[in-house]
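Below is one structure; the comments refer to it alone.
The values are calculated or read from the model by the stated rules, or taken from the named source; none is laboratory data. All of these numbers come straight from a predicted model, not from anything done at the bench. In this analysis, Cβ positions are derived from the backbone assuming ideal geometry, glycine residues included, and neighbour counts consider all displayed protein chains.
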Amino acid sequence: MKRLLLSTAGLALALSTPVLADSSVGELVVTAARLPADPAEITGARIIDRQEIEARQAVFATDVLSLVPGISVARTGAFGGTAALRIRGASPDKTLVLIDGVPLNDPSDPNGTYDFSSLQLDDIERIEVLSGPQSSLWGSDAIGGVVSLTSRELDGWRVMAEGGSFSTFHGSLAAGVADETRALGVSLAGYRSDGISKADKDDGATEKDGFETVTASVNGRLTVSDRLSLDGRVRYTDTDTEIDGFPAPAYLLGDTPDRYRSQTWSGFGRAKLKGVVGLDHELSVSAYDIDRENRSDFPSRYTADSQTYRWLARRGEMTDPWSFALGLEREEAGADLDGRADVDAGATAGFGVARFRPSDRFAVTASLRHDDTDDYGGRTTGRLSLAGQIAPGLTLTASAGTGFKAPTISQIVCDFCFAPPVPLKAEKAEGYDLRLGWRSPDGRWGAAATAYKLSVKDQIAYVASRYINIARTRSQGLELEADAALTEAVRLKASYAFTEAEDRSTGLDLLRVPQRSGAISLLYDDGKWDGALTLRGESSQADTARDGFSRISRDGFAVVDVAAGYAVNERIKLTTRIENLTGTDYQETFGYGEPDTAVYVGVRLRN
């Protein structure tokens, strides 16, 4: 395992490539940075586009996010087990998740974490990841970073169907009309599987735990005049998952008849106004609603909703000498914690980001934001980034930023507390990055190395039957990436991450953060054939034992996945993919099962 990961790093260094999650054909622009920006000028920025999603035949967001350096995914079993994402060792609640700018973090979750287990990619056009503190752009919950997804807009129709191992079926259909002045579209995607036991078979679990999820969306866009345009989208997901728990009398992870169901709604409406007092404006309203139900010997039901009202004004393009953005936001959230509490929380914020480019070789970007929370006073955060081309094709970027995270509704009311609550403070963070990136003159080869450090103070932890500010955590590491167009049809991508993540209050490693992880992919596309061969590995990590409390070490692993597609003609494409090609016996999270070799075949139709 160690040899595999070290060889991954060696290959990345040897290729000396640029740090882009995707350096495919076309201009790459990071939009989640509030100002459109070149990824080379932002430390920790990665982009995964639709071309890569389809080449890998990725079904869920975690299928591609697990390949991004510095990201670790922990899930409580395959086929619908809760999937939590950590960026650079920060706990999952410190990653802000957005779809079309709509915040999706769950206000009813004890830590405000987003569950990635049901996030299908059928209607997603691209994914952007910003690693490191981003509170100066997005406020609370963005200490570790931001994952921003953008939906697809179709002109035509698409149908796909796929089936295979574990009686799995995945299908989707989408249709739309779109031109420069208007668009209207709908999509529907479903996935079901008999699955495997959520609890690992090595612990004697044999019961299959099934998984079903359906996602539907409707989108629209209308250009009213040269200055005014309107757009919006509504997205709905319904998920039903069989899960395992901790049955009596041993109370160790094992087979149970428990089920989990969730229903989520999200959507936004937006008006864009061009050239008003010299600025381009966006006015938007977004909403998110979730209903979670756990059906077990100890049933529970949690509901939550949130709304965001946003004004954003921008001036300047990506290459202009001056560009800036200003904004105001109001966020409101409420949650019913299984009938024990019905509480509201909110914050009002103002922010600004500006970029100064004195030459085409140098850029300075600064952002500042003030959040006035309803219950925890005001917090001001900032970020400064300097990017310069120190030699042809060689860019050095340095950044420093701060972040904060307000206590969640569950922490505010001290849900599940059996001791008197104590006053809580907002968590605070500081992050520093240094990135060296290179790209060949023809753009075919590139590499980057990013060193970082992230410190969190006053982290909220559940200790002695209540929530208190006690934990101080620190993570630091190195991220290496490589991207090379070996031929017109073959592209190589390699990544490696070394992460040291420590709880400073105890001296122990943070849970579920592998110290070493890496991936190597060959992506192929010659028009008729396309596909991907991916080797991914992780070292051992500190984890939670089967009793759900004590610590244990989860072994490292390496798995191989392969996907291939053949275009019969312009309208019909046949696909196949094999997950865990070598049948490796492994666990993403200790005690939870992962499948042996799985084979799927499908067909895709388009007009």
Restricting the search to the range 83-112, which residues are assigned to a loop (DSSP other than H, G, I, E, B) and of a type in the set (Lys, Arg)? Arg88
Kindly state which strands (runs of 3 or more DSSP E) lie completely within the range 494-604 and contain at least 2 residues that are among the hydrophobic types (A, V, I, L, M, F, W, C). 516-525, 529-538, 557-567, 572-579
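Which of the residues that make up the range 403-444 are in contact with a helix residue (DSSP H, G or I) (Cβ under 7 Å, 6 or more places away or on another chain) and in a strand (DSSP E or B)?
Let us first name the residues in the range 403-444 that are in contact with a helix residue (DSSP H, G or I) (Cβ under 7 Å, 6 or more places away or on another chain), namely 403-405, 424, 437.
Answer for the range 403-444, where residues must be in contact with a helix residue (DSSP H, G or I) (Cβ under 7 Å, 6 or more places away or on another chain) and in a strand (DSSP E or B): Gly403, Phe404, Lys405, Gly437.
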Residue list for the range 158-207, filter: of a type in the set (A, V, I, L, M) and either in contact with a Cys (Cβ under 8 Å, 6 or more places away or on another chain) or within 29 Å of Lys272 (Cα to Cα) (or both): Ala174, Ala175, Val177, Ala178, Ala183, Leu184, Val186, Leu188
Residue by residue through the range 405-457, note down the ones that are basic (Lys, Arg) and within 18 Å of Asn469 (Cβ to Cβ). Lys405, Lys425, Lys428, Lys457
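Every residue, every condition in (1) in contact (Cβ under 8 Å) with a residue 24 or more places away in the chain; (2) closer than 21 Å to Arg88 by Cβ; (3) surrounded by fewer than 16 Cβ atoms within 10 Å (Cβ to Cβ); (4) not aliphatic (A, V, I, L, M), yes or no:
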position: Arg444; (1), (2), (3), (4): yes, no, no, yes
position: Ala482; (1), (2), (3), (4): yes, yes, no, no
position: Ala489; (1), (2), (3), (4): yes, no, yes, no
position: Asp503; (1), (2), (3), (4): yes, yes, no, yes
Going by what's in this entry, would Leu137 be described as closer than 17 Å to Val64 by Cα and of a type outside the set (Val, Ile, Thr)? no
Criterion (at pLDDT 95 or above, of a type in the set (Val, Ile, Thr) and closer than 28 Å to Ala250 by Cβ) met by exactly one of Ile572, Ile552: Ile552
Residue satisfying all of: in the range 243-287; of a type in the set (Phe, Trp, Tyr) and out of contact with any strand residue (DSSP E or B) (no Cβ under 7 Å at 6 or more places or on another chain); farthest from Arg233 (Cα to Cα) among these: Tyr251
Tally up the residues in the range 446-480 that are β-branched (Val, Ile, Thr), surrounded by fewer than 19 Cβ atoms within 10 Å (Cβ to Cβ) and either over 30 Å from Gln411 (Cα atoms) or free of Cβ contacts under 8 Å to residues at least 12 places away in the same chain (or both), please. 1
Please find, within the range 562-607, the residue that is surrounded by the fewest Cβ atoms within 10 Å (Cβ to Cβ) out of those that are of a type in the set (Val, Ile, Thr), in contact with a Lys or Arg (Cβ under 8 Å, 6 or more places away or on another chain) and free of Cβ contacts under 8 Å to residues at least 40 places away in the same chain. Ile572
Filter result for the condition that a residue is in contact (Cβ under 8 Å) with a residue 12 or more places away in the chain, surrounded by fewer than 22 Cβ atoms within 10 Å (Cβ to Cβ) and either in a strand (DSSP E or B) or within 17 Å of the chain's Cα centre (by Cα) (or both), over Val129, Val159: Val159
Number of the exception - Glu427 against (1) under 28 Å from the mean Cα position of the chain (by Cα); (2) free of Cβ contacts under 8 Å to residues at least 24 places away in the same chain: (2)
Condition broken by Ala426, with the remaining ones in (1) among the aliphatic types (A, V, I, L, M); (2) closer than 30 Å to Val490 by Cα; (3) at pLDDT below 95 satisfied: (2)
Just give me the residues in the range 47-73 being assigned to a strand (DSSP E or B) and either among the β-branched types (Val, Ile, Thr) or over 18 Å from Lys94 (Cα atoms) (or both), in sequence order. Ile47, Ile48, Asp49, Phe60, Ile71, Val73
Is at least one residue of the range 248-259 of a type in the set (Val, Ile, Thr), free of Cβ contacts under 8 Å to residues at least 60 places away in the same chain, crowded, with 19+ Cβ neighbours inside 10 Å and under 20 Å from Ser300 (Cα atoms)? yes
Ile243 vs (1) surrounded by 19 or more Cβ atoms within 10 Å (Cβ to Cβ); (2) over 29 Å from Tyr592 (Cα atoms): all pass except (2)
